[in-house]
Each structure stands twice: as C-alpha cells, then as structure tokens.
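Colleague: Before anything else, here's the structure in question.
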Amino acid sequence: MFDTTRSRRWSPWSSNQHLAQTGMSRVLIVEDEPAIAELIAMNLRHAGFDITLAASAEQAQSEVDRILPDLVILDWMLPGQSGLSLAKQWRAHSRTRELPIIMLTARAAETDKISGLDGGVDDYLTKPFSTQELLARIRAVLRRKRPESLDAAVEVDGLRIDPSTRRVTYGGQDVTLSPTEFRLLHFLMVHPERVYTRAQLLDCVWGDHVFIEERTVDVHVKRLREALSKVSCAGLVETVRGVGYRLI
Ligand code: CA
C-alpha cells in the first residue's frame, strides 16, 4: 500500500499539461489512513506531482532525511508522534525550516486551527475537503515558497524554456525533452554562466540526499545535448573539464 521505494520517484513523468502548474514538485503525503492517503496520492499523481507516502511521523522523518520534498501534506492525528509535533520539529531544524507544510485534520475547532498555524504550518485543511481545493492550496503554497521555480519563462540566446506550458522552443521550433532533461535545462538556464559539479546538479535537479551515481548526470547531459542539437543549441551546455557543467 505504501510505496516508498525510490524507483517511483525516478519514474519518467507522463506528458501531462498539469505538470506545468506544479513545476513537477515532489509531495510527501503523511497520512495513516490508507484509503485517504491513496485517494490524495492518486489525485496528486494525476495532477502531475511526484508522490511519496508515509504512514507515521517516523516514516515521514526518514523520507525527509532521504530526500527533501517540495511540500508535505501532513495529517494531524497520526499514531505515535502527532503531525503538529512533527511540523514543530521540522521548523526547529535548518534543513527543514522552510519546508512547505499543509496540515490535514478532522479537527475543525478554531483554536486547533490557530495552534496548527502557530506550529508553523503554511496552510490548513479540514477533512472532508475537495481535491480541487487541496490542489489549489498546494499551488498557492508552492507559489509563495518557490516563485522562481514555477511559472517564469527563461530565454537564453533564443532558446526559451517555459515551465508554465512545459515547452522548450527555439525560433518557433519545439524541443522535446524528458522531464529530467527539462528540469536540468531549466536549472542551468536559470543559473547561466555558473559552473556546477555533478554532485551539485544531483542535489539541485534530482533533489538532495539522493544516492545515485554522478555519471547519471553525464547521461542526461548527453541526452539533453542530443535534443538541443536538433535546433543547433547543443553548444549551450558546456563541459568544464574536471569540474562539471555550465550553460553559456
Ligand atoms: Ca489520521
């Protein structure tokens, strides 16, 4: 039921127009009721989010230790440590201080809402809630937290990448990229001229605390160049010998 294997995280994204709205964000769902967890997961996957599930605060912590998600949907009432206590714990650590959290709970009392927000959560949703409302709130929280990584189109030397439409174009021609190559190109285009090591690219593009081989980066750079060569832009991604890569 709770698929917390790494393979799911790396599975290729289906071509989905909703991806653009999420910036292909990773969402950790912390919910001990399997039916609710699966329902939320199914809807978020359909909307293009990359989902990891945890059924307890302990599981959630180990997921966060492994890969910092872009957002956490956190149930208040969990077996053992409560969601609110976990949120406070995350807020007390530098690595997780800015982690966007939307708290879910059956508690509707105003005082609970206030203590939830005081605990540092970014938003609060009372069960039962509509999926549409949850999605809208996720987008709103992500927009507030990471405005640079969401909608803004970037153009370098005529090559244009637009996360809001998930399109890469050059002189009106479309460049087809896999989700990973899209993310890699977007990252490099947002940070032109800077040299990044393979380890830095793994952290920034694949997510931190990820244990995959650095040559994976080379494979994706190679594919990215192949795709860009179709519009004569392969030279934009430069290899800096002995260091890593940069966009020029
Ligand atoms: Ca619960």
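Colleague: Please verify whether segment 40-51 includes one or more residues that are modelled with pLDDT of 95 or more, within 16 Å of the ligand (Cβ to nearest atom) and touching a Phe, Trp or Tyr at 6+ places or on another chain (Cβ under 8 Å).
Modeller: Within segment 40-51, not a single residue is modelled with pLDDT of 95 or more, within 16 Å of the ligand (Cβ to nearest atom) and touching a Phe, Trp or Tyr at 6+ places or on another chain (Cβ under 8 Å).
Colleague: Just to verify a result, which residue in segment 81-98, among those that are over 12 Å from VAL30 (Cβ atoms) and not in a helix (DSSP H, G or I), is nearest to the ligand (Cβ to nearest atom)?
Modeller: Applying the filter and picking the extreme gives THR96.
Colleague: Please list, ordered by first then second residue, the pairs with beta carbon atoms under 6 Å, 6 or more apart or interchain, first in segment 121-135 and among the hydroxyl-bearing types (Ser, Thr, Tyr), second open to solvent by 30 Å² or more (accessible area, probe 1.4 Å).
Modeller: TYR124/LYS113; THR126/ALA108; THR131/ASN43
Colleague: Are any residues in segment 208-222 open to solvent by 10 Å² or more (accessible area, probe 1.4 Å) and in contact with a Leu (Cβ under 8 Å, 6 or more places away or on another chain), and if so, which ones? Outline the logic, then answer.
Modeller: The initial filter retains those residues of segment 208-222 that are open to solvent by 10 Å² or more (accessible area, probe 1.4 Å), namely 208-216, 218-220, 222.
The answer is ASP208, HIS209, VAL210, ILE212, GLU214, THR216, HIS220.
Colleague: Please identify the pairs in which a residue from segment 32-56 that is assigned by TED's automatic domain parsing to the domain that holds ILE73 has its Cβ atom under 6 Å from the Cβ atom of a residue that is within 16 Å of the ligand (Cβ to nearest atom) and among the charged types (D, E, K, R), counting only partners at least 6 apart or on another chain.
Modeller: That search, which allows pairs on different chains as well, returns ALA37/GLU31; ALA55/ASP32.
Colleague: Would you mention how many residues in segment 100-116 are at pLDDT below 90, assigned to a loop (DSSP other than H, G, I, E, B) and away from the ligand (no atom under 15 Å from the Cβ)?
Modeller: 1
Colleague: Taking strands (runs of 3 or more DSSP E) that do not extend beyond segment 147-248, which have at least 3 residues that are farther than 28 Å from LEU68 by Cβ and of a type outside the set (Lys, Arg)? So that I can check it myself, show each step before the final result.
Modeller: Numbers: elements: 154-156, 159-162, 167-170, 173-175, 237-240, 244-247.
The qualifying strands (runs of 3 or more DSSP E) are 173-175.
Colleague: If we keep just the residues of segment 52-80 that are among the β-branched types (Val, Ile, Thr) and either assigned to a loop (DSSP other than H, G, I, E, B) or more than 13 Å from ILE101 (Cβ to Cβ) (or both), which is farthest from the ligand (Cβ to nearest atom)? Lay out the reasoning, then the answer.
Modeller: Within segment 52-80, the subset among the β-branched types (Val, Ile, Thr) is 52, 64, 67, 72-73.
Cutting the leftovers down to either assigned to a loop (DSSP other than H, G, I, E, B) or more than 13 Å from ILE101 (Cβ to Cβ) (or both) gives us 52, 67.
Working: THR52: 17, ILE67: 23 Å.
Here the residue is ILE67.
Colleague: Cβ-Cβ distance below 8 Å, separation of 6 or more or different chains: which pairs start in segment 85-106 with a residue that is more than 20 Å from LEU125 (Cβ to Cβ) and open to solvent by less than 10 Å² (accessible area, probe 1.4 Å) and end on one that is of a type in the set (A, V, I, L, M) and more than 15 Å from the ligand (Cβ to nearest atom)?
Modeller: THR96/VAL64; THR96/LEU68
Colleague: Here's something else I'd like to know. Is it true that VAL141 is farther than 15 Å from ASP70 by Cβ, open to solvent by less than 40 Å² (accessible area, probe 1.4 Å) and at pLDDT 75 or above?
Modeller: On the way: farther than 15 Å from ASP70 by Cβ: no; open to solvent by less than 40 Å² (accessible area, probe 1.4 Å): yes; at pLDDT 75 or above: yes.
No.
The values are calculated or read from the model by the stated rules, or taken from the named source; none is laboratory data. The model shown is predicted, which means the values in this text are computed figures rather than measured ones. Here the Cβ is made from the backbone with ideal geometry for all residues, glycine too, and neighbour counts use every protein chain on show. Ligands, DNA and RNA are excluded from the accessible area calculation, which covers all protein heavy atoms including side chains. Shrake-Rupley method; radii C 1.70, N 1.55, O 1.52, S 1.80 Å.
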